[in-house]
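J.: Quick one: this structure, given as structure tokens, is what I'll be asking you about.
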Amino acid sequence: MPSPVNPKHLYQTDYQCWLEQTIAQLRARDFLHLDSENLITELTSLGRSEKHALASDLRRLCEHLLRIKYWEAERPRCLRGWEREVLNFRLEIQDLLESSPSLSSYLQEIFPKQYRNGRKLFLQASQIDPQRVPVEPVFTLAQALDEQWLP
């Protein structure tokens, strides 16, 4: 099945058409005309995208858990919203891990960094004295992901 359009050019000019053509070529096992270079780029990007989403959700989860634990002045007014956000980030992480269980080890690996990043976001929003909030995690990853746990 010869390609009607140069796939490398199509990738640059009409991504959706390139994607449909690539899928058709894979189904037809037409590997000779496959734009493997851009396909590899896309597959690599998919993996990065999932990791980025996981890191972002974990960072925001840590930020909101720190809000619940330390931001006393705003707690009465905001607690319900923070708890809702905590649940939302937990569910997002759960969905990502269900579709890609191998990301569990990556989650363990990035937890300390994402806690620190969540801490930075929390401190910037709250203007609380940084000395009050430890740089190292004040909760475990298991606690952070546990739907029954709040600080």
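The values are calculated or read from the model by the stated rules, or taken from the named source; none is laboratory data. This one's a predicted model, so the numbers in the text were calculated from it and none came from an experiment. In this analysis, Cβ positions are derived from the backbone assuming ideal geometry, glycine residues included, and neighbour counts consider all displayed protein chains.
J.: So, in the stretch 111-151, exactly how many residues are β-branched (Val, Ile, Thr) and under 19 Å from residue 83 (Cα atoms)? Write out each step before concluding.
T.: Going through the stretch 111-151, the residues β-branched (Val, Ile, Thr) turn out to be 128, 133, 135, 138, 140.
Filter once more, so that each one left must be under 19 Å from residue 83 (Cα atoms): 138, 140.
Of the residues in that region, 2 qualify.
J.: Residues of the stretch 107-131 being within 17 Å of residue 75 (Cβ to Cβ), out of contact with any Cys (no Cβ under 9 Å at 6 or more places or on another chain) and part of a helix (DSSP H, G or I), which ones?
T.: 123, 125, 126, listed by residue number.
J.: Hey, among the residues in the stretch 67-96 that are within 21 Å of the chain's Cα centre (by Cα), crowded, with 17+ Cβ neighbours inside 10 Å and of a type in the set (A, V, I, L, M, F, W, C), which one's farthest from residue 124 (Cα to Cα)?
T.: Residue satisfying both the conditions and the ranking: 96.
J.: Which is in a helix (DSSP H, G or I), at pLDDT below 90, charged (D, E, K, R) and surrounded by 12 or more Cβ atoms within 10 Å (Cβ to Cβ), of 50, 42?
T.: Working: 50 fails: at pLDDT below 90.
When all the criteria are applied, what remains is 42.
J.: If you don't mind, there's one more thing I want to ask. Considering only the stretch 132-151, how many residues are assigned to a helix (DSSP H, G or I) and either within 16 Å of residue 51 (Cα to Cα) or over 19 Å from the mean Cα position of the chain (by Cα) (or both)?
T.: Kept after step one, since they are assigned to a helix (DSSP H, G or I), are these residues of the stretch 132-151: 132, 141-145.
Keeping just the survivors that are either within 16 Å of residue 51 (Cα to Cα) or over 19 Å from the mean Cα position of the chain (by Cα) (or both) gives 132.
Residues in the stretch 132-151 being assigned to a helix (DSSP H, G or I) and either within 16 Å of residue 51 (Cα to Cα) or over 19 Å from the mean Cα position of the chain (by Cα) (or both): 1 in total.
J.: Same structure, new question: Among the residues in the stretch 53-70, are any in a loop (DSSP other than H, G, I, E, B) and at pLDDT 90 or above? Quick ask: steps written out before the conclusion?
T.: The initial filter retains those residues of the stretch 53-70 that are in a loop (DSSP other than H, G, I, E, B), namely none.
Scanning the stretch 53-70, I find no residue that is in a loop (DSSP other than H, G, I, E, B) and at pLDDT 90 or above, so the answer is no.
J.: Within the stretch 1-59, track down each residue that is out of contact with any Leu (no Cβ under 8 Å at 6 or more places or on another chain), closer than 30 Å to residue 118 by Cβ and of a type in the set (Lys, Arg).
T.: If the condition is that a residue be out of contact with any Leu (no Cβ under 8 Å at 6 or more places or on another chain), closer than 30 Å to residue 118 by Cβ and of a type in the set (Lys, Arg), then 48 is the only one that fits.
J.: Something else: Can you find, within the stretch 103-120, the residue that is farthest from the chain's Cα centre (by Cα) among those that are loosely packed, with under 14 Cβ neighbours inside 10 Å and small (Gly, Ala, Ser)?
T.: The qualifying residue farthest from the chain's Cα centre (by Cα) is 105.
J.: Same structure again: Please give the number of the condition residue 101 fails out of (1) within 22 Å of residue 49 (Cβ to Cβ); (2) assigned to a helix (DSSP H, G or I); (3) without any contact (Cβ under 8 Å) to a residue 40 or more places away in the chain.
T.: (2)
J.: Related question: Can you confirm whether residue 99 is hydroxyl-bearing (Ser, Thr, Tyr) and either at pLDDT 95 or above or closer than 17 Å to residue 147 by Cα (or both)? Walk me through it before giving the result.
T.: Numbers: hydroxyl-bearing (Ser, Thr, Tyr): yes; either at pLDDT 95 or above or closer than 17 Å to residue 147 by Cα (or both): no.
So residue 99 fails the test.
J.: Next question, about the same structure. Pull up the stretch 121-147, narrow it to residues that are exposed (fewer than 11 other Cβ atoms within 10 Å of the Cβ) and among the acidic types (Asp, Glu), then point me to the one that is nearest to residue 90 (Cα to Cα).
T.: For the stretch 121-147, the residue satisfying everything is 147.
J.: Considering only the stretch 24-39, I want to know if a residue exists there that is surrounded by fewer than 19 Cβ atoms within 10 Å (Cβ to Cβ), touching a residue at least 12 places away in the same chain (Cβ under 8 Å) and under 25 Å from residue 106 (Cα atoms).
T.: The answer is yes; a qualifying residue exists.
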